[in-house]
Each structure stands twice: as structure tokens, then as C-alpha cells.
Amino acid sequence: MKFVHVGINVTNLEKSIEFYQKVFGEQPVKVKTDYAKFLLESPGLNFTLNVRDEVNGNQVNHFGFQVETREEITAHRERLEKEGFFARDEMDTTCCYAVQDKFWVTDPDRNEWEFFFTKADSDVHKIGSTSCCVAPIGDPGSSCC
């Protein structure tokens with residue numbers, strides 16, 4: 001297998017293309033009036049945007065990129081902040097039975113994207129007030145991987 005495929009529904013194709021070009025650092029390989037396709041080599045992802053009149057709620061908890069080092073987290077966060085995104089950090093957090101450094105960005109239809117580095121496994125699901133794994137609609141501050 002070479003690619004994982006994810007297709008999401010969006011309400012504004014132009015805004016979504018702009019968002020994902022910045023997040024992925026690449027241009028889409030195909031754009032139609034109601035569709036756009038990104039083919040990413042690393043990670044191997046076939047990612048499509050599908051225009052709908054309305055998107056009600058987030059049918060997916062969140063999406064994420066797992067990176068190999070803490071330095072990659074910093075590099076991606078700095079890159080996206082330069083693109084004008086607000087990145088919400090969760091450094092040294094215990095969530096989903098792992099100790100992680102991570103940050104989040106949110107697309108125009110409120111789908112959350114997590115960039116995370118797993119530092120260690122944990123016997124505990126979460127510690128503290130981390131809003132791990134529960135993403136109420138409209139709350140850009142809750143999720144985990």
C-alpha cells in the first residue's frame with residue numbers, strides 16, 4: 001500500500017484549498033469546481049476535499065500527523081504560525097495512554113489537525129484537565145490521537 005485516502009466534506013473549496021496548501025506545504029494535483037485532490041508522498045496520503053452545501057458537525061474526531069522528533073513539532077508549528085495560523089500547544093501532556101508533545105490547527109470547517117510526537121507510553125489514559133479524545137462541536141481545544 002502506498003497511500004491512505006481521506007475525503008472530507010467542505011463548504012468553501014477556495015478557503016479549504018488555501019488552508020490545506022499551507023498545512024501540507026503543497027499544491028493540489030487536481031482542482032474542479034466541487035473537488036480538490038492532494039497527493040502527498042510523505043506521509044503517503046490521498047486527501048480530497050468534497051464540496052457540500054452544509055457540513056453539520058465534525059463526523060471525525062480529528063486528523064493527525066505523527067512526527068519522529070520534538071524538533072519536528074517545533075518546525076511545523078513555526079512554519080504554520082508564519083502562514084498565519086494559531087497553533088494551540090499541548091506540550092508534555094498525557095493523553096490516550098501516551099506522553100506527547102503536540103499542537104493543533106483548525107480548518108475552515110472546524111476539522112482539527114494534530115501534529116504530535118509520542119515521547120513515551122503511559123499506563124494512564126490522561127492526566128489533569130487535558131480534554132483528551134472528546135471533541136465537542138465547536139470546541140477547538142479538545143481531542144487526542
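By other beta-carbon atoms within 10 Å, ranking GLU14, GLU72 with the fewest at the front produces GLU14, GLU72. Residue separation of GLU72 and ARG52 scaled by 0.36 nm, minus their Cα-Cα distance, works out to 3.8 nm of gained length. To the nearest 0.05, how large is the calculated FRET efficiency for GLN21 and VAL99 if R₀ is 22 Å and r is the Cβ-Cβ distance? It comes out at approximately 0.10.
Residue exposure proxy: THR94, THR74, THR33, ordered by other Cβ atoms within 10 angstrom of their Cβ from fewest to most, comes out as THR33, THR74, THR94. Does the stretch 63-121 come out rounded, prolate or oblate, given a ≥ b ≥ c as the square roots of the eigenvalues of its C-alpha gyration tensor, rounded meaning a/c under 1.5 and, failing that, prolate meaning a/b above b/c? It is oblate, given that a/c is not under 1.5 and a/b is not larger than b/c. Its relative contact order, with pairs defined as Cα atoms under 8 Å and 6+ residues apart, puts the stretch 4-51 at 47 percent. Counting neighbouring Cβ atoms within 10 Å and putting the fewest first, the residues LYS126, LYS32 line up as LYS32, LYS126. Rounded to the nearest 0.05, the FRET efficiency derived from the C-beta distance between ASP123 and ARG88 at R0 = 22 Å is 0.25. Legend: residue pairs LYS82/LYS119; LYS30/LYS126; LYS30/LYS82; LYS15/LYS102; LYS30/LYS119; LYS32/LYS126, Cα-Cα distance threshold 31 Å; pairs beyond threshold, LYS30/LYS126; LYS30/LYS119; LYS32/LYS126.
Just so you know, all these numbers are worked out from the coordinates, no wet-lab data involved. Owing to the predicted nature of the structure, the values given are computational and were not obtained by experimental measurement. Note: ideal-geometry Cβ built from the backbone for every residue, glycine included; neighbour counts use all protein chains shown.
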